[in-house]
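Have a look at the structure below, then the notes.
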Amino acid sequence: MVTDCLIIGYNDGCLEDEIRSLRAMGVDHPNYRDLSLNIIEYEGRPYRAMDIFNRFYYEGRAPTKGDRRWHNADVPWIVILYLSTYLRKRGFTVDYINLFQLQKDELKEKLRNNEYLTTVITTTIYNFDTPIIEAVNFVREHNPKTKIIVGGPYIAKRSETMEAADLQAMFTYIGSDFYVRSREGEQALVKILHALKNGGNFAAIPNIAFKNGNGFVLTPSQPELNPLYENLIDYSLFPKELIGNYVNVRITKGCPFACAFCSFPLRTEKYDISRLDYIEHELDAIREVGTVTGMCFVDDTVNVPLPTFKEMLRMMIRKNYGFKWHCFFRADFCDEEVVELMAQSNCVGVFLGLESANDQILANMNKTPRKEHYLRSIPLFKKAGIQVFASVFF
């Protein structure tokens with residue numbers, strides 16, 4: 001039996017290889033500088049933040065059967081849950097791997113022992129192509145017949161900014177058969193699958209690139225929108241072991257702001273927030289899983305607009321879900337009432353993009369909060385017993 005689609009989640013890559021590759025571009029190259037901000041050197045060896053946590057968490061005691069390796073993505077990768085649901089609702093069969101590096105052996109067995117019409121490689125938070133190429137080569141080695149489709153923000157951003165010749169070279173270098181070039185792209189993926197199964201015309205599918213001879217045909221671009229409230233994750237499709245006791249939840253797409261240092265608004269066509277009744281439906285479904293005790297709202301702007309956020313909090317209090325949760329939070333959309341509602345609905349932590357306490361620097365960054373907003377909001381959170389984390393630029 002042929003499975004229509006195998007989805008590969010996050011690949012955090014081999015850190016040493018990534019450092020060598022990016023350092024070759026120069027220590028001032030943006031990609032190397034970005035990577036260097038996310039590593040810690042200890043005794044001459046580089047570590048990611050969670051790797052250094054693992055290094056010391058288990059130090060000084062013998063391993064036990066229940067030991068686990070903590071990982072930045074050891075919760076279900078949200079694109080796996082979302083895209084699997086999206087495709088299954090449209091009649092396709094789907095398999096998946098959550099974490100490439102930690103599940104290589106499992107992925108190898110799947111590729112060798114199953115027939116997959118396509119393998120989809122997602123690129124949600126990649127800043128360079130090394131982890132994409134590693135996944136493509138791995139799939140080619142263990143299942144040469146499957147058609148590889150690469151899509152997501154990494155491909156979309158480069159499709160918008162690179163010259164056609166450079167884009168052709170990048171697509172050839174990565175080595176995939178198809179690329180989805182839209183900021184969203186779910187509809188394009190569905191059309192590729194239909195064309196592969198039914199002998200359709202790839203050139204008629206907008207927002208893609210497909211291999212043709214020694215190059216790629218780039219089809220015309222057009223907006224694609226997939227409202228969140230129309231495409232809720234169906235948690236019943238996944239084993240409880242995958243979902244575990246902690247999930248990431250997304251109730252918005254994009255960002256209505258344009259901070260100078262951030263590329264997040266480029267990832268989607270426009271800012272979109274799910275409807276309250278659909279948010280309630282999703283939280284009900286998470287509770288029905290029976291294992292979830294904590295969650296994170298991964299949205300950069302979950303509390304925008306503020307009245308909508310308050311309505312969601314009142315609903316969570318009324319439903320008494322019991323989840324402990326945390327979120328990112330914009331301090332300029334804050335008052336005493338919302339902090340009280342957050343505490344009553346079991347919020348345990350907020351992450352503030354503080355960036356600077358200097359109003360001129362904040363203005364230079366196109367940040368809408370000001371020092372006064374942080375001076376007002378942080379004490380409110382501390383009084384309510386909610387942990388406050390902050391990012392700061394130096």
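Assorted remarks:
- Residue in the range 189-196 that is at pLDDT 95 or above, part of a helix (DSSP H, G or I), open to solvent by 60 Å² or more (accessible area, probe 1.4 Å) and of a type in the set (D, E, K, R) present: yes
- Test: residue in the range 100-109 that is part of a helix (DSSP H, G or I) and either touching a His at 6+ places or on another chain (Cβ under 7 Å) or over 30 Å from residue 192 (Cβ atoms) (or both): yes
- Residue match in the range 309-325 (condition: open to solvent by 60 Å² or more (accessible area, probe 1.4 Å) and among the small types (Gly, Ala, Ser)): no
- Residue ID - surrounded by the fewest Cβ atoms within 10 Å (Cβ to Cβ), chosen from residues in the range 34-88 that are aromatic (Phe, Trp, Tyr), out of contact with any Lys or Arg (no Cβ under 9 Å at 6 or more places or on another chain) and within 30 Å of residue 282 (Cα to Cα): 70
Yes/no matrix, rows are residues, columns are (1) modelled with pLDDT under 85; (2) part of a helix (DSSP H, G or I); (3) in contact with a Cys (Cβ under 7 Å, 6 or more places away or on another chain):
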| position | (1), (2), (3) |
| --- | --- |
| 187 | no, yes, no |
| 248 | no, no, yes |
| 262 | yes, no, no |
| 280 | no, yes, no |
| 287 | no, yes, no |
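- Any hit, the range 165-186, residues being open to solvent by 40 Å² or more (accessible area, probe 1.4 Å), under 24 Å from residue 100 (Cβ atoms) and of a type in the set (S, T, N, Q): yes
- Scan of the range 360-378 for residues that are open to solvent by 70 Å² or more (accessible area, probe 1.4 Å) and on the phi < 0 side of the Ramachandran plot, ordered by number: 360, 361, 364, 371, 372, 375, 376
- The selection criterion, being within 19 Å of the chain's Cα centre (by Cα) and buried (at least 19 other Cβ atoms within 10 Å of the Cβ), holds for residue 155.
- Of all residues in the range 266-278, those satisfying the criterion of being surrounded by 14 or more Cβ atoms within 10 Å (Cβ to Cβ), at pLDDT below 85 and either charged (D, E, K, R) or under 18 Å from residue 393 (Cβ atoms) (or both) are 267, 269, 272.
The values are calculated or read from the model by the stated rules, or taken from the named source; none is laboratory data. These figures come from a predicted structure and were not determined experimentally. Cβ coordinates were reconstructed from backbone atoms using ideal geometry, including for glycine residues, and neighbour counts include every protein chain displayed. Areas reflect the complete protein model, heavy atoms only, side chains present, ligands, DNA and RNA absent. Shrake-Rupley method; radii C 1.70, N 1.55, O 1.52, S 1.80 Å.
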